[in-house]
Amino acid sequence: MFSKIVKLVVVRPCTHQCFMEGVTHTLEKYIINGGFPLQGEVTISGAKNVAVAMIPAALLSDTPCVLENVPDISDVRIMIDILKQMNVDVQYKEPGVLAIDSSHLSGTTVPYELATKMRASYYFLGALLGKYHHAEVALPGGCNLGNRPIDQHIKGFEALGAETELKGGAIIADATELTGASVFFDQVSVGATINVMLCACKAKGTTTIENAAKEPHIVDIANFLNSMGAKIKGAGTDTIKIVGVSELKGSTYSIIPDQIEAGTYMVMAAATKGDVLVKNVIPRHMECLTAKLTEMGIGIEEGDDSIRVYYKKRPKKAMVKTLPYPGFPTDMQPLIVTLLSVAEGTSTVTETVWDSRFKFIDELKKMGADINVSGNMAMITGVDELYPAPVKATDLRAGAAMVIAGLMARGTTEIYDIYHVERGYERIVEKVKGLGGDIQKEV
Ligand code: EPZ
């Protein structure tokens, strides 16, 4: 469809790491007056990590798509800005309902600066390559969790017949034709699984992804693509089969509730000695957390689409190891560490997904937590209580952990660098206030 400006011949395995944040630090902060139990009901928003993949996925369609339950968070706003700069007609029909019409897309180069602001901009590679056989996307930004290579994404694109190169800080992927192939991931990767699904939907023949990620996001994206006419089977298992089709048509699709946001409010309820009904959740997606909280002695009552979490007595120590789904999610690791910081006895938390996701522990220690980190293991000796201190959000989930810690500590805690939190939590101040929490955002 687009004339190819660059003919790519260099093929290089991509092991790039990205340390770009791309987001300007601000003086905005949360001021929390903590020490009170949270009580009441909170409704969970649409999943961030689905929305940021589904928006690029909509570009694969020949006709407009409508996405429902889209969370209003800064990562989604960046995605929308990217689309607008690429001449895609994107607008909210009503809050949370986003219509995307890419029939006037202006090209296959994603605006450089916007792409560096978030990790999920890499999904434009799979979507644009899949539809137009060409994509240029800057190396992605997002939370700095250590080494964040995208070699498995590139391996998948190349297996389907694309050539890739890194030029001027951007990845350029190009293919004369995309042909279904067998892709065996060396490492289970959410992003690579979704990206290869996007790329393979319109390839000729059948693509098989082995050692695929099984997170609920994968299933939701596959369901969305299938609703557009794709032929994807096996999403949610180790092996995904994609039979390429020649065209995809627009559909209306509602994003699943955010598993990690739900986990955040569940831990918040337990950590503040509260009693909270977390609504609009898929309890099956929360099993790893509900099992762990139950083991720690926290009260749990599951409904069809809600979970009540209530405090009974001081939580017991626990051993936690982060793993790909259905294991304990790395994105909930900072949350559980914060709760364990006041549990009885000594707990251990092992982080196996990201090599640098314990940076927030230094902040938690400023609030009195007793934690020793050795390599990828944190040893947490429960203290009686946390106390207030000025702290910062070192990344998105770490920021949510600081909010929980602030709500636990009696007195006034100030949290800086909150732009991290607002990348992924819709109306967090309003939701916490709705549960009786004393939190203000100072701009
Ligand atoms: C997604 O990141 C999420 N982000 C992350 O959530 C989440 O922490 C992560 O999955 C793991 O669950 C989005 O969905 C936008 P991966 P992703 O590829 O896809 C290694 C949050 O807080 N790897 O599953 O980038 C990698 O280094 C964020 O919402 C390779 O080696 O993660 C890591 O160790 C933070 N090569 C592991 O795989 C690759 O090509 C899992 O990464 C890709 C990944």
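The values are calculated or read from the model by the stated rules, or taken from the named source; none is laboratory data. Just so you know, these numbers come straight off a predicted model, no measurement behind them. Using ideal geometry, Cβ is built from the backbone for each residue, glycine included, and neighbour counts are taken over all protein chains shown. Surface accessibility is based on the protein's heavy atoms, side chains included, excluding ligands, DNA and RNA. Shrake-Rupley method; radii C 1.70, N 1.55, O 1.52, S 1.80 Å.
Please work out if residue 120 is touching a helix residue (DSSP H, G or I) at 6+ places or on another chain (Cβ under 9 Å), within 16 Å of the ligand (Cβ to nearest atom) and not assigned by TED's automatic domain parsing to the domain that holds residue 354. Working first, answer last.
On the way: touching a helix residue (DSSP H, G or I) at 6+ places or on another chain (Cβ under 9 Å): yes; within 16 Å of the ligand (Cβ to nearest atom): yes; not assigned by TED's automatic domain parsing to the domain that holds residue 354: yes.
For residue 120, the condition - touching a helix residue (DSSP H, G or I) at 6+ places or on another chain (Cβ under 9 Å), within 16 Å of the ligand (Cβ to nearest atom) and not assigned by TED's automatic domain parsing to the domain that holds residue 354 - is met.
The residue list 331, 355 contains one member that is of a type in the set (Asp, Glu) and surrounded by fewer than 19 Cβ atoms within 10 Å (Cβ to Cβ), which is 355. Residues that are open to solvent by 60 Å² or more (accessible area, probe 1.4 Å) and polar (S, T, N, Q) within the stretch 32-41 comprise just one, 39. Residues of the stretch 404-443 that are of a type outside the set (A, V, I, L, M), assigned to a helix (DSSP H, G or I) and open to solvent by less than 20 Å² (accessible area, probe 1.4 Å): 406, 420, 431. Checking each residue in the stretch 235-275 for being of a type in the set (Gly, Ala, Ser), surrounded by fewer than 24 Cβ atoms within 10 Å (Cβ to Cβ) and either more than 30 Å from residue 204 (Cβ to Cβ) or within 16 Å of the ligand (Cβ to nearest atom) (or both) picks out 236, 254, 274. For the stretch 249-263, does any single residue satisfy the condition of being part of a helix (DSSP H, G or I) and of a type in the set (A, V, I, L, M)? So far as the stretch 249-263 goes, yes, one or more of its residues are part of a helix (DSSP H, G or I) and of a type in the set (A, V, I, L, M). Per the conditions (1) at pLDDT 95 or above; (2) open to solvent by less than 50 Å² (accessible area, probe 1.4 Å), the sole criterion not satisfied by residue 142 is (1). Do we have any residue at all in the stretch 176-187 that's within 24 Å of residue 397 (Cα to Cα), among the charged types (D, E, K, R), assigned to a loop (DSSP other than H, G, I, E, B) and assigned by TED's automatic domain parsing to the domain that holds residue 84? No, the stretch 176-187 contains no residue that is within 24 Å of residue 397 (Cα to Cα), among the charged types (D, E, K, R), assigned to a loop (DSSP other than H, G, I, E, B) and assigned by TED's automatic domain parsing to the domain that holds residue 84. Put simply, of 192, 212 the only residue that is within 13 Å of the ligand (Cβ to nearest atom), aliphatic (A, V, I, L, M) and outside any loop (DSSP other than H, G, I, E, B) is 192. One residue alone among 78, 82, 73, 44 is open to solvent by less than 30 Å² (accessible area, probe 1.4 Å) and within 23 Å of residue 309 (Cα to Cα), and that residue is 44.
Set side by side, the residues 113, 165, 158 differ, and just one is of a type in the set (Asp, Glu), away from the ligand (no atom under 16 Å from the Cβ) and in a helix (DSSP H, G or I), which is 113. Flag not set for residue 208, criterion: modelled with pLDDT of 95 or more and out of contact with any strand residue (DSSP E or B) (no Cβ under 7 Å at 6 or more places or on another chain).
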